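For reference, the structure is listed below as structure tokens.
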């Protein structure tokens with residue numbers, strides 16, 4: 001796709017909330033989202049006509065553990081190479097900082113596993129590693 005720019009910056013909370021809504025992901029309140037973004041190591045945005053149409057960010061300790069989070073491209077721009085460009089930017093950031101043996105993780109959206117495999121990620125469970133696990137936290 002011609003015309004979008006990759007900008008190395010974390011998205012604004014409003015921007016990522018809008019992107020999450022566009023792909024049907026759960027909504028996080030703006031204050032919590034801003035704290036999460038402020039504590040992220042890295043962010044990159046795809047910008048088209050002054051609007052963020054895609055983003056990805058990295059959380060972790062910056063040396064031994066990196067977790068790629070919120071790789072999102074608005075549905076009408078999917079399949080144009082934007083997701084690949086966002087992930088390449090994340091992988092370059094990690095490559096410049098990770099120690100030998102660092103862990104790089106992510107949770108793939110259902111049906112998107114093949115996309116991440118081209119970057120060297122592998123599926124779990126397998127013969128050496130159990131299933132990845134998660135939960136959505138509910139405040140009581």
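Every read-out reported here was derived from the displayed coordinates using simple, explicitly stated rules and does not represent laboratory data. This is a predicted model, so every value here is computed, not measured. Here Cβ is always computed from backbone atoms with ideal geometry, including for glycine, and neighbour counts include all displayed protein chains.
List of remarks:
- The helix-based estimate of mean residue ellipticity at 222 nm for the chain, built from -39,500 (n - 2.57) per DSSP H run of four or more residues and divided by its residue count, is -8500 deg cm²/dmol to the nearest 500.
- Candidate values [x] -0.24, -0.44, -1.05; [y] -0.27, -0.49, -1.14; [z] -0.36, -0.62, -1.10 were compared with log10 I(q)/I(0) by the Debye sum over Cα atoms at q = 0.09, 0.12, 0.18 Å⁻¹ computed on the shown model; the agreeing label is [y].
- Part-to-part distance (alpha-carbon centres) for segment 7-39 and segment 41-74, which is given in Å: 10
- Using the Cβ-Cβ distance between residue 115 and residue 5 with R0 set to 22 Å, the FRET efficiency works out to roughly 0.55.
- When 133, 91, 33, 107 are arranged by Cβ crowding within 10 Å, least crowded first, meaning fewest neighbours, the order is 133, 107, 91, 33.
- Ratio Rg/Rh, restricted to segment 42-96 and using Cα atoms, in which Rh is the Kirkwood radius: 1.01
- Cut-off 15 Å, label 7 Å out along Cα→Cβ of residue 123, residues of segment 37-72 by amide N: none
- Top of 117, 21, 127 by mean-square fluctuation, Gaussian network on the chain, Cα under 10 Å: 127
- Ranked for footprinting exposure by Cβ neighbours inside 10 Å, fewest first, 10, 88 give 88, 10.
- Residues 40, 89, 95 in ascending order of nearby Cβ atoms (within 10 Å, fewest first): 95, 40, 89.
- Computed over the chain: relative contact order in percent, which uses C-alpha pairs under 8 Å that are six or more apart: 20
- Spin-label pair residue 107-residue 27: with each label point 7 Å from Cα along the Cα-Cβ axis, the two points sit 2.0 nm from one another.
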